[in-house]
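Visitor: Quick one: the structure is below, questions incoming.
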Amino acid sequence: MTDSPTAHFDKEAVFYDKRFTYSLIGNLQREKVWNYLNDFLSRREKLDILELNCGTGEDANKFAELGHRVVASDVSEQMVSESRAKTKRNTFDGALDFEVIDINQLDEVVFDRSFDLVFSNFGGLNCLTEDGLKKLSLDLKKILKPDGHFISVIMPNFCLMEHLTFFLKLKWNEMFRRNNSAGLSVPIEDGDVWTYYYSPKQFCSFFENNFKIKNKKPIGLFIPPSYMEGYFKKHEMQLDFLNILDNGLNSISSLAGIADHCLIDMSIKD
Ligand SMILES: C[S@@+](CC[C@H](N)C(=O)[O-])C[C@H]1O[C@@H](n2cnc3c(N)ncnc32)[C@H](O)[C@@H]1O
């Protein structure tokens with residue numbers, strides 16, 4: 001078992017944008033998330049948004065540029081410090097504050113407002129155990145407004161592109177690596193992070209007492225996991241082709257459980 005993720009994510013923080021945010025694959029996957037968010041936000045006025053595991057603040061800045069009032073948080077002080085450093089406040093109308101918050105201790109944080117949207121992108125919630133996610137469900141109910149939404153992007157326990165790649169590389173013992181309820185040690189900068197992969201159905205079941213499911217969407221159905229960046233940097237036309245396939249099929253919600261990431265939109269139950 002690995003120790004707390006904080007230290008490793010602190011070390012990852014300075015490399016994170018180069019390795020993921022500004023990578024070809026990271027950029028395409030985030031674009032898919034924002035296709036959904038833009039549609040969601042276009043049907044609403046300016047919102048109070050809490051972002052969990054904000055990393056280097058890429059999404060928080062976009063929300064604020066669109067005029068929303070944002071509290072963006074992460075357990076890693078270094079991630080939060082990277083976010084603050086890259087925030088150009090003159091580019092947005094909204095408000096943006098960063099705070100160091102461990103999702104597991106959300107119940108100890110006192111907010112001076114409630115939120116229309118709680119958002120978590122790209123697998124921060126895969127660092128939480130089943131009990132941690134059940135507790136999060138209760139905590140979110142307390143801080144969301146009655147018509148509030150919780151939109152999260154998690155890593156499912158099966159990824160078609162990863163599965164095919166391991167098959168073709170004859171690494172058959174790796175093909176089902178995500179499907180391990182005890183979790184998995186995943187290497188990041190200078191250490192490993194214990195990661196739990198959940199099917200969308202399992203994940204939703206942790207929230208079902210307090211939330212109803214509004215939508216699911218595959219993110220990275222054919223756009224592969226970001227650790228394949230090296231290959232696709234040399235074969236950009238192949239990535240373009242996969243992106244076209246992805247755009248053709250990513251509105252099919254039943255495919256959410258076989259993509260690299262899966263977006264789940266839930267709203268508070270009456
Ligand atoms: C893969 S990064 C995603 C960052 C960002 N959301 C993005 O879209 O690029 C995962 C993030 O989750 C954060 N994280 C992991 N465990 C956490 C916890 N218990 N509470 C808050 N943040 C956590 C890490 O520090 C890291 O910044």
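Visitor: Between G248, G191, G26, which gets the highest mean-square fluctuation from a Gaussian network model of the chain, Cα cutoff 10 Å?
Guide: Sorting by GNM fluctuation, first place goes to G248.
Visitor: According to the square roots a ≥ b ≥ c of the eigenvalues of the Cα gyration tensor, what is the shape class of the stretch 113-177, taking rounded for a/c under 1.5, prolate for a/b larger than b/c otherwise, and oblate for the remainder?
Guide: Because a/c hits 1.5 or more and a/b exceeds b/c, the stretch 113-177 counts as prolate.
Visitor: Here is a follow-up. In whole Å, how far is the Cα centre of the stretch 122-161 from that of the stretch 28-53?
Guide: Cα centroid of the stretch 122-161 versus Cα centroid of the stretch 28-53: 16 Å apart.
Visitor: Carbon and sulfur atoms: what percent of the 1.4 Å accessible area of the chain do they account for?
Guide: Answer for the chain: carbon and sulfur cover 53 percent of the accessible area.
Visitor: How far, in nm, would the chain grow between S205 and R89 when pulled straight, counting 0.36 nm per residue and subtracting the alpha carbon separation?
Guide: 37.9 nm is the gain from fully extending S205 to R89.
Visitor: If I model a spin label at Y227 and A182 as a point 7 Å from the Cα along the Cα→Cβ vector, what separation in nanometres do I get?
Guide: Simple spin-label model gives 1.9 nm for this pair.
Visitor: Taking the Cα centre of the chain as origin, sum charge times position over the Cβ atoms of Lys and Arg (+1) and Asp and Glu (-1), and report the length of that vector in debye to the nearest 20.
Guide: 760
Visitor: Right, another one. Treating the angle as unsigned and between 0 and 90°, give the value, to the nearest 10°, between the Cα long axis of helix 130-143 and the longest Cα principal axis of the chain.
Guide: Helix 130-143 sits roughly 30 degrees off the main axis of the chain.
Visitor: With bins 10 Å wide starting at 0, give me the P(r) of the chain over every alpha carbon pair, in whole percents.
Guide: With 10 Å bins starting at 0, P(r) equals 7, 30, 39, 21, 3, 0.
Visitor: V100 to K212: extension gain in nm, 0.36 nm per residue of separation minus the Cα-Cα distance?
Guide: Contour length minus the Cα-Cα distance gives 37.5 nm.
Visitor: Let me ask another. Going highest first, how would you order 54-60, 35-41, 84-90 by mean Cβ packing within 10 Å?
Guide: Result, highest mean Cβ count within 10 Å first: 54-60, 35-41, 84-90.
Visitor: Follow-up question, since we're still on this one. What residue among F111, I151, T87 has its Cα farthest toward the positive end of the dipole of the chain, where the charges are +1 on Lys, Arg and -1 on Asp, Glu, each on the Cβ?
Guide: It is I151.
Visitor: Have a look at E99, E174, E229 and tell me which one the Gaussian network model of the chain (Cα, springs below 10 Å) gives the largest fluctuation.
Guide: E174
Visitor: Determine the gain in length on full extension of the stretch I268-D39; use 0.36 nm per residue of separation and subtract their C-alpha separation, reporting nm with one decimal.
Guide: Contour length minus the Cα-Cα distance gives 80.5 nm.
Visitor: Quick check on the chain: helices-only [θ] at 222 nm, where DSSP H runs of length 4 and up contribute -39,500 (n - 2.57) each and the sum goes over total residues. Nearest 500, please.
Guide: That comes out to -11000 deg cm²/dmol.
Visitor: Also: Residues in the stretch 114-156, backbone N under 16 Å from the label point at N27 (7 Å along the Cα-to-beta-carbon vector): list them, ranges by number please.
Guide: none
Visitor: Can you give me the accessible area per residue for the chain, using a 1.4 Å probe, in Å²?
Guide: Dividing the accessible area of the chain by its residue count gives 48 Å².
Visitor: Which of rounded, prolate, oblate describes the stretch 33-188, given a ≥ b ≥ c as roots of the alpha-carbon gyration tensor eigenvalues and a/c under 1.5 marking rounded, otherwise prolate only if a/b is larger than b/c?
Guide: Taking the square roots of the gyration eigenvalues as a ≥ b ≥ c, the stretch 33-188 is prolate.
Visitor: According to the square roots a ≥ b ≥ c of the eigenvalues of the Cα gyration tensor, what is the shape class of the stretch 113-270, taking rounded for a/c under 1.5, prolate for a/b larger than b/c otherwise, and oblate for the remainder?
Guide: prolate
Visitor: List the lysines whose Cα lies under 29 Å from the Cα of K142, skipping any in the same chain that are fewer than 8 positions away.
Guide: Counting by Cα, and skipping residues close in sequence, K142 has these lysines nearby: K46, K62, K134, K201, K212, K214, K216, K217, K269.
The values are calculated or read from the model by the stated rules, or taken from the named source; none is laboratory data. Everything numeric in this text was worked out from a predicted model, so none of it was measured. A quick note on method: Cβ atoms are made from the backbone with ideal geometry, for glycine too, and the neighbour counts reach across all protein chains shown. The area values use the complete protein model at the heavy-atom level, side chains included, leaving out ligands, DNA and RNA. Shrake-Rupley method; radii C 1.70, N 1.55, O 1.52, S 1.80 Å.
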